[in-house]
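Structure record follows, encoded as structure tokens.
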Amino acid sequence: MALLEVHGLVKHFIGVTAVDGVDLAVERGELVSLIGPNGSGKTTLFNCVTGYLAADAGRVLFRGRDVTNAAPHRVARLGVARTFQQVSVFPRLSALENLLVFLQQHQEERLLSRLLRTRRLRRLEAEAVERAHRLLELVGLSGKADAGAGTLSYGQRKLLAFAAALMPDPELLLLDEPAAAVNPTMINQMKEHILRLHGQGKTVVLVEHNMDVVMDISQRVVVLDHGQKIAEGSPQTIRRDARVIEAYFGR
Amino acid sequence: MRRAAIGALAAVVVSAPWLVAALVPRQQRYVLHVLVFTALFAALALSYDLVVGHVGSLSLAHPAFFGVGAYTAALLATRAGWPFLGALIGAALAAGVVAALVGVPLFRLTEHAFAVGTLGLALVASVVANNWVEVTRGPLCITEIPKPVLGVPGGPALAITTLPGHYWLALAALAAVVLLYRGLTTFRLGRAFHAVRDNEPLAGAAGIDPLKYRLLAFTIAATVAGGVGALYVHYLSVMCPEEMTVALTVNLLVIVFLGGVGSLRGVLVGAVLFTALPEVLRLAPTWRLVIYGTLLLLVVVRSPEGLESLLRRAAR
Amino acid sequence: MTPIADLLEQLLHGLTLGAMYAMVAAGLALMLGVARLINFAHGEFFMLGAYAFWLGYSELGLPYPIAALLAPAVMVIFGIVYQHTVIRAILPRSWHVQLIATLATSIVLTNLAIIVLGTQPKEVPTTLSARILEVGGFRIAWQRLLVLVAALVIFWGLDRFVARTRTGRAMRAMSQNREACAVVGVDVQRVTLVTFALSAGLAAVAATLVSPLFNIFPDMGTVLTLKAFAAVVAGGFGYVNGAIAASFLIGITEALAGSYISYAYKDAIAFVIMIAVLLWRPQGLFGRRIGI
Amino acid sequence: MAADDAAALLELSGVVAGYAEVEVLRGVSLAVRAGEIVCIIGSNGAGKSTLLRTVFGMVQARAGTIRFGGEDIANRPPTEVLKRGIGYVPQGRCNFPAMSVEENLEMGAYLRRDARVRGDIEALFVRFPMLATKRRDPAGTLSGGQQQILEMAIALLLHPRVLMVDEPSLGLDPRMVELVFDTLVAINREGTTVLMVEQNAKKALAVSDRGLVLELGRNRFEGTGRELLDNPDVRHHYLGG
């Protein structure tokens, strides 16, 4: 059983079919890239999988469990983390708090214990702070732990959002154009982070236009065009696929 | 240092009735009356700030919940003959239940529409208070609401009859609200509220259900407002429709936005300044509103975070 | 009077109310669409316009047409001053700041009016409001007909202005993308100014048209702003024609509810309907569109 | 080459600019000669976009001079900068999404009142056939790449002498990136000077005559496109090795 299964997913917007019957299976531990021309439905697919958009047809299974059209917070708590194309942080929380908030919802639900701050909760909090500091160090933001996220530069916020997604130790990580508008040197760092996660056995799905990133790190590439899957395979075969060249690479 | 300062302040606040008696013996009753009002408004403003400052929903419906609480308590005490604590709890619950019921549809509205919808609710509530004469007696007001008696039926009872007694009761209520406010707005709960306020879609990705937290803050705030309403009518012995008009929203906005949105200290400072000061200056209500409006305009335009940020800037 | 004639009369009454709300709501929707600004002081534009009309017509004894032109002229100037003093400072700020600043303006204007003009309502009857047209048991004041005809002409003109003129097109462009406007050379400040002057003028025109039918009092603006807002929200945020249509709907509902259900609750009924509409269609009756 | 410097069409010297309390540009100098393609690169937060916005009058220049065709244009409002002949295509989507493609182009000619506007718009449709097929469609329904082309076409309607473009390749698929860069080169060949900001530095420098590397609001490196591509420091820090 694949970790993530998408069956015949369809999403219409007014006048357009953004996703048109896509099937996709991602095995545990895979690193898959999703590419395709602008408007081919990549981000829409992400949004349907993570509950941000309601699919018009089709099913989404995560760990064999039907999560079709579940609310975003439910999908997140099942272990699916995602980042957004536009950098997305909580601007008035500190960098550290930005990370903490991503973990706490996975740990405790009862209102009263939160209000009373039980001893168990305090221990969990201390562990979370420690984990957050380690992740900040990983993305080179240790010095910024107490800085308001809104004061960080674009690239730093992008790295913070990336670290936040890792906070709950998600089983599946969906990254939406992590390299867009990021300086090439920073992109190299990001590639290393992703490969390291993959090395730890995490499953990653990447939407990206930067072919240096896609071709260097993916095990498998899925190509969408006009909301349909037109090709799928190793980076090398995709590079030579006539339909993909026609629809995507050009020349 | 900080602890010592807070301790000293608490001592002064608790012993205020004696201090007032010693310092301004001839104005004693009036000053204590202003202090009761200040404590009640501070509690009300803190509850309002839970919604406006911490989950970032600009609700304008707070007078409605205050009114529901006030009328519930007034009716339970006069018509049903409930004891004070029963009426207080009943009032808080009634306001909370109303908030939970209207909150579900209202939070389907976003931003501006939510503000307009809540303002509409406040207006509807005030129209009902004025016109549902069979229950509220309309402009004739509900009168002769008994003074609070603390205690359970059958057990020992403590009747609050003196002004210092009312003051300590209001102060105790404020202290309870301060504790609740701190509990809700810091640590993990506070972080979840702030995450919803700052970036709703991202909050979803963090596993937070935005609607749940918004409703939680809204309902708790309304429950507190209802409780304050009950204390208010038991202190004044009378409840009229004018107590829950848009002017109350303006008062609360002034306290919260001029004091400091989302800040315990700011809201408390705002409540003291904007409840006690106009009383002491004995301003006519119209002039008070003109001055409030102008101040609000100036501070909101010049410094969006209120007195809090002005104070911080001045301290630098 | 027959029930049918009575119903027709209430309908016409509702149309007049609707026309008034629509002129106020159209200005609100313009400000919201073009400048992304929620103006909670808009009802006070109407209130000040009404007092300007009262001053010209009743106090100075000017003929109706002249007094009716004077009030909008005064309010256009007021709109320009308001834009320069308050709006310019709050335009780049968050909508919370805008809402509170304009709400504060509304409070200041209302209470200044109470202090200066007193709370006693003013009546401004005109020849047209006293003269009644009677067609087979069905009666209507000529002033109401004037309101309806004038409103139709104004809305037609507004539509042409936004669709056809260079400034109108710039207004539409601003409602879609302000930065793109700067990039093609639209003077954003000037267009905002025109929008404000136009909105204030519209509110004043409404005031001069309906003041002969209703009383004038200082805090009439608050409830009017609220109803106009209800129309703007129900009509699909910042979409002018939607706001106008929703205004007529609210006017008619209010007249019918006031007459057949309860006069005391008529204001509440308009809001209950707005909230019901929003629950049924959160995007508004006519869909949320980009632009005005 | 003193003669060339004298011929600089757009010249910034010691420009300091920023937002509120944050200083983004801390003394940037740059000379763009007529007919060139100049590319600005640098890490995130280096001040590249702010530089374009300062030239266009959207950000206040606090010190330094900005000269265009020999005249001081610092802190002039955008409308005046436009009229003098500087066009600007900002980062991200910057068109009128509910207006048709044709109306968008008409908005591009907002400052023109001459009779040749129609002819110019038709000429643009001939030049960009992908826009011609969509002339009645709302701009918001076009793909990201088509919108980028539309935005450049909008800027061309005022026949600018200098066209400033901020990250034209952002979020575009590889085919559209090629098309956008080809279009920029073609616009340049027809006599328009181009000043662009790009993160896709290798591609951008390859088509540029000269490049400037910004670091923390100051000039870091300058040279021809080739020089920068070959400079090991630049390669390591800004081109990702």
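The values are calculated or read from the model by the stated rules, or taken from the named source; none is laboratory data. Treat the numbers as computed from the prediction; the structure is a model and nothing was measured. Note that each Cβ is placed from the backbone with ideal geometry, even for glycine, and that neighbours are counted across all protein chains shown. We work out accessible area using only protein heavy atoms, side chains counted, and drop any ligands, DNA or RNA first. Shrake-Rupley method; radii C 1.70, N 1.55, O 1.52, S 1.80 Å.
Quick notes on this structure:
- Each peptide in D:117-124, B:150-157, D:168-175 was scored by the mean count of other Cβ atoms within 10 Å over its residues; highest first, the order is D:168-175, D:117-124, B:150-157.
- Overall, the accessible surface of region D:78-191 at a probe of 1.4 angstrom is composed of carbon and sulfur to the extent of 52 percent.
- Between region C:34-89 and region A:195-223, the alpha-carbon centres lie 62 Å apart.
- Take each residue in B:292-298, count the other chain C-beta atoms within 10 Å of its C-beta, and the mean is 6.
- Computed from protein heavy atoms with a 1.4 Å probe, the total accessible area buried between B and C is close to 3400 Å².
- For chain B, complete DSSP H runs whose alpha carbons reach 15 Å or more along their own long axis and whose mean Kyte-Doolittle score is -0.5 or higher are B:2-14, B:28-49, B:62-78, B:84-106, B:111-131, B:163-185, B:187-198, B:210-236, B:285-302.
- Cα convex hull, the protein assembly as shown: 207 Å³ per residue, rounded to a whole number.
- Accessible-area value, D:THR133, 1.4 Å probe, nucleic acids and ligands omitted, Å²: 110 Å²
- Max mean-square fluctuation residue, GNM over chain B, Cα-Cα springs under 10 Å, options B:THR223, B:THR185, B:THR72: B:THR185
- Å² per residue, accessible surface of region D:1-129 at 1.4 Å: 40 Å²
- Eigenvalues of the alpha-carbon gyration tensor of region A:161-221, scaled by 5 and square-rooted, set the equivalent ellipsoid semi-axes at 18, 13, 10 angstrom, largest first.
- Net +/- balance of residues flanking D:ASN219 in space, Cβ distance below 13 Å, scoring K and R +1, D and E -1: +3
- Accessible carbon and sulfur surface of chain A relative to its total accessible area, %, 1.4 Å: 49 percent
- Computed from Cα atoms, the angle from the helix A:184-199 axis to the main principal axis of chain A rounds to 80 degrees.
- q = 0.09, 0.23 Å⁻¹: log10 I(q)/I(0) that the Debye formula gives for region C:131-241, counting C-alpha atoms only: -0.35, -1.36
- Degrees, to the nearest 10: C:3-35 long Cα axis against longest axis of chain C: 20 degrees
- Reported to the nearest whole Å, the Cα centre-to-centre distance from region A:74-105 to region D:127-165 is 37.
- A:TYR248, C:TYR57, B:TYR235, reordered so the largest accessible area comes first (probe 1.4 Å): C:TYR57, B:TYR235, A:TYR248
- Buried area at the A-D interface (accessible, heavy atoms, 1.4 Å probe, summed, Å²): 1600 Å²
- The residues of region C:15-156 expose on average 39 square angstrom of accessible surface per residue, using a 1.4 Å probe on protein heavy atoms.
- Nearest-ten-degree value, helix C:64-82 long axis tilted from longest Cα axis of chain C: 30 degrees
- Residue with peak Gaussian network fluctuation, chain C [Cα springs, cutoff 10 Å], from C:ALA245, C:ALA130, C:ALA203: C:ALA130
- With each label modelled as a point 7 angstrom along the Cα→C-beta vector, the C:ILE80-B:CYS141 pair spans 4.9 nm.
- The candidates C:LEU128, A:LEU175, arranged from most to least accessible area with a 1.4 Å probe in the full protein assembly, appear as C:LEU128, A:LEU175.
- Residue of C:HIS96, C:HIS42, C:HIS13 that the Gaussian network model of chain C assigns the largest fluctuation, springs spanning Cα pairs under 10 Å: C:HIS96
- Burial here means at least 30 square angstrom less accessible surface with every protein chain in place than with the chain by itself, probed at 1.4 Å; in region D:80-96 the buried residues are D:LEU82, D:CYS94, D:PHE96.
- Apolar share of the accessible surface for chain C: 67 percent from carbon plus sulfur atoms, 1.4 Å probe.
- B:VAL269 exposes around 50 Å² of accessible area when a 1.4 Å probe is run over every protein chain in place.
- Between D and C, roughly 1900 Å² of accessible area is buried in total, ligands, DNA and RNA not counted and the probe set to 1.4 Å.
- Separation of alpha-carbon centers, region B:148-207 and region C:235-260, rounded to whole Å: 41 Å
- Shielding score for B:106-117, defined as the mean number of other chain Cβ atoms within 10 Å: 6
- Note on A:175-188: average number of Cβ atoms from other chains within 10 Å of each residue's Cβ is 5.
- Net charge, D:VAL207 excluded, C-beta distance under 14 Å - Lys, Arg +1, Asp, Glu -1: 0
- With the whole protein complex present, C:SER262 retains an accessible surface near 30 Å², based on a 1.4 Å probe.
- Its DSSP H runs of at least 4 residues, each contributing -39,500 (n - 2.57), put the calculated 222 nm mean residue ellipticity of the protein assembly as shown at -17500 deg cm²/dmol, to the nearest 500.
- Rolling a 1.4 Å probe over the heavy atoms of the protein chains gives region B:215-281 an accessible area of 27 Å² per residue.
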